[in-house]
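Reading through the structure tokens given below for one structure.
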Amino acid sequence: MTTSVERAAEALRHAKRGVAVTGAGMSAESGIPTFRGADGIWKKYPPEIFASIDAYLRDPDRVWAFWCELSASLHGCNPNAGHSALAQLESSGKIQAIITQNIDSLHQAAGSRRVIEYHGSLRELVCLECRARKTFDVTTTGKHPPHCVLCQGLMKPDVVMFGEGIPPDAMYESEALIQVCDVLVVVGTSAQVYPAAGLPFAAKRNGALIIEANLEPTEFTETVTDVFLEGPCGQTLPRVAALMH
Ligand code: BJW
Ligand code: ZN
């Protein structure tokens, strides 16, 4: 009997324009908590208070403290075997790009070259008034969010909060990739947050085969997923990559 891992490898072997979409579960085995679920970030930091741009404008100090903690918690976290497997699939031409919702830069650290950061990243701060940028270095920041040296505007990490738009370049590049993609690998995302959660549905409409790697079924599994890799992606994805040789 053919296993899911073998079916995923077979699909990727024939892929001409593969793409991956990743979410927080991708980095769970690197020690970074996911957002939802029993031990998720939202349990300690409810999204109504910490995750929207309105919440930040209402109480900048409170949300700033959350980001500082989040940023500090990423220090010392390294890519896991799942990140490496995707980097390997890119090197061997089986996927062209990774569209990630993650803000932790671990795909780049694993050697992936074309990484589209759909929800931004924690590497930089951006001014809400003039969009000026500077590096976000949590070791040199204080209790209050910084203000822009050019216009005094309030700055925030360059992550996309609820109520903020997706960075246009990321949005357009992703749409273009999804339109022509023939195999989409969806890893560790709960399918709850739009427009990112719309990408697998769009890919399926355009004829792509969908491989989903997750610990548990999601909204995608019964609707668009063709091959479900159940289990920790740090284990399942390397098995798929190993069959590509
Ligand atoms: C494993 C594993 C292992 C664990 N192996 N698997 C359409 C319908 C409904 C609502 C909307 C809609 N369009 C827009 C909205 C509103 C909103 C939204 O989606 N709301 C819903 C939640 C109701 N969307 C937005 O506001 C977005 N913006 C937007 O649409 O703008 C429009 C606009 C245009 C013009 C002007 C203004 C506005 C923005 C969304 C921003 C999301 N931001 C966050 C936080 C960033 C960081 C921060 O603020 O500090 O991004 S929310 C959070 O969720 C984070 C994630 O990227 C995102 C997705 O989460 P993800 O990655 O799926 O993680 P989890 O935790 O949910 O799931 C983990 C999964 O991994 C689980 O399935 C596990 O089983 C699995 N797993 N371990 C494999 N080892
Ligand atoms: Zn400014």
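The values are calculated or read from the model by the stated rules, or taken from the named source; none is laboratory data. Because the structure is predicted, anything quoted here is derived from the model rather than measured. Virtual Cβ from ideal backbone geometry, glycine too; neighbours counted across all protein chains shown.
Give the range 114-153 a look and list any residue that's assigned to a loop (DSSP other than H, G, I, E, B), of a type in the set (D, E, K, R) and at pLDDT 95 or above, or say none. Of everything in the range 114-153, those that are assigned to a loop (DSSP other than H, G, I, E, B), of a type in the set (D, E, K, R) and at pLDDT 95 or above turn out to be Arg114, Glu129, Arg131.
Here is a check on your reading of the model: is Thr223 surrounded by 22 or more Cβ atoms within 10 Å (Cβ to Cβ), β-branched (Val, Ile, Thr) and assigned to a loop (DSSP other than H, G, I, E, B)? No, not satisfied.
Taking the condition outside the structural domain of Leu199 (by TED's automatic domain parsing) and away from ligand 1 (no atom under 16 Å from the Cβ), does Ala132 pass? Judged against the criteria, Ala132 is a match. Got a number for residues in the range 134-158 being within 13 Å of ligand 2 (Cβ to nearest atom) and without any contact (Cβ under 8 Å) to a residue 60 or more places away in the chain? Going through the range 134-158 one residue at a time, the tally reaches 10. Evaluated against (1) modelled with pLDDT under 95; (2) in the same structural domain as Ser112 (by TED's automatic domain parsing), Ile98 falls short on exactly one condition, (1).
Here the range 71-108 is the region considered, the condition is being farther than 19 Å from Glu124 by Cβ, of a type in the set (A, V, I, L, M) and touching a Lys or Arg at 6+ places or on another chain (Cβ under 9 Å), and the residue that is surrounded by the most Cβ atoms within 10 Å (Cβ to Cβ) is Ile98.
If you scan the range 175-213, which residues turn out to be surrounded by fewer than 23 Cβ atoms within 10 Å (Cβ to Cβ) and among the hydroxyl-bearing types (Ser, Thr, Tyr)? Passing the criteria: Ser190, Tyr194.
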